[in-house]
Each structure stands twice: as structure tokens, then as C-alpha cells.
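Report on the following structure.
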Amino acid sequence: MEKTQPCKGCSASVTVDEKEIRELLDQIHADHSEIVTEKMYLKRLEACFNCPFLLYGTTCQYCGCLVKFKAKFQNKHCAMPENPRW
């Protein structure tokens, strides 16, 4: 894993570990109709993890989101301006 790097805007750490991501995912209390299926979730993550605009292995360069969190929701989409991946 890369060393902690500061955020360009606020100088905070931009590195998020798996434990922190899991804690965020565990807090989702959305209606199940708002959550994608596990198959769709894994498909979205695969697209993100193969994207050249994924930063630190966790964060979308375009929207700044944690892809493992954003990919869970039906109403979210890939933020790539041209040719979104999902």
C-alpha cells in the first residue's frame, strides 16, 4: 500500500484502509431497493479497479468518492465525463 499522502485541498490523509471502508459499508441502512445486487456491485468494482483514474486504490479521481461505497447504490453512476464505466 502507498504511504499516506496529503489531500491537495485540505492536507488531510487521503489513504483509507480496508477497516475504515468496511465500517462505512456496515453503516448503510438504506432500503434494499436502493442497493445494487452483489453481482452488479462486483461488476462496478471491477470497472473501477481497472480504471486509470482510480487513486490510492480507493478513490475516484473525478468525484473524490470511495468507489467501494459509491458502487453500492442504484442511483449512483461512474463520474468519468466521457465514456462512464458503469
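Checking region 25-39 against the condition returns a match, with at least one residue being modelled with pLDDT of 90 or more, part of a loop (DSSP other than H, G, I, E, B) and surrounded by fewer than 14 Cβ atoms within 10 Å (Cβ to Cβ). Within region 41-86, the set of residues being open to solvent by 80 Å² or more (accessible area, probe 1.4 Å) and part of a helix (DSSP H, G or I) comprises 42, 43, 46, 49. If you go through region 40-75 and keep only what is at pLDDT 95 or above, touching a Phe, Trp or Tyr at 6+ places or on another chain (Cβ under 9 Å) and not hydrophobic (A, V, I, L, M, F, W, C), you end up with 43, 44.
The values are calculated or read from the model by the stated rules, or taken from the named source; none is laboratory data. Only a predicted model underlies this, so the values are computations on that prediction, with no experimental measurement involved. Neighbour counts run over all protein chains shown; Cβ positions are idealised from the backbone, glycine included. Heads up: the accessible areas ignore ligands, DNA and RNA and are worked out on the full protein's heavy atoms, side chains in. Shrake-Rupley method; radii C 1.70, N 1.55, O 1.52, S 1.80 Å.
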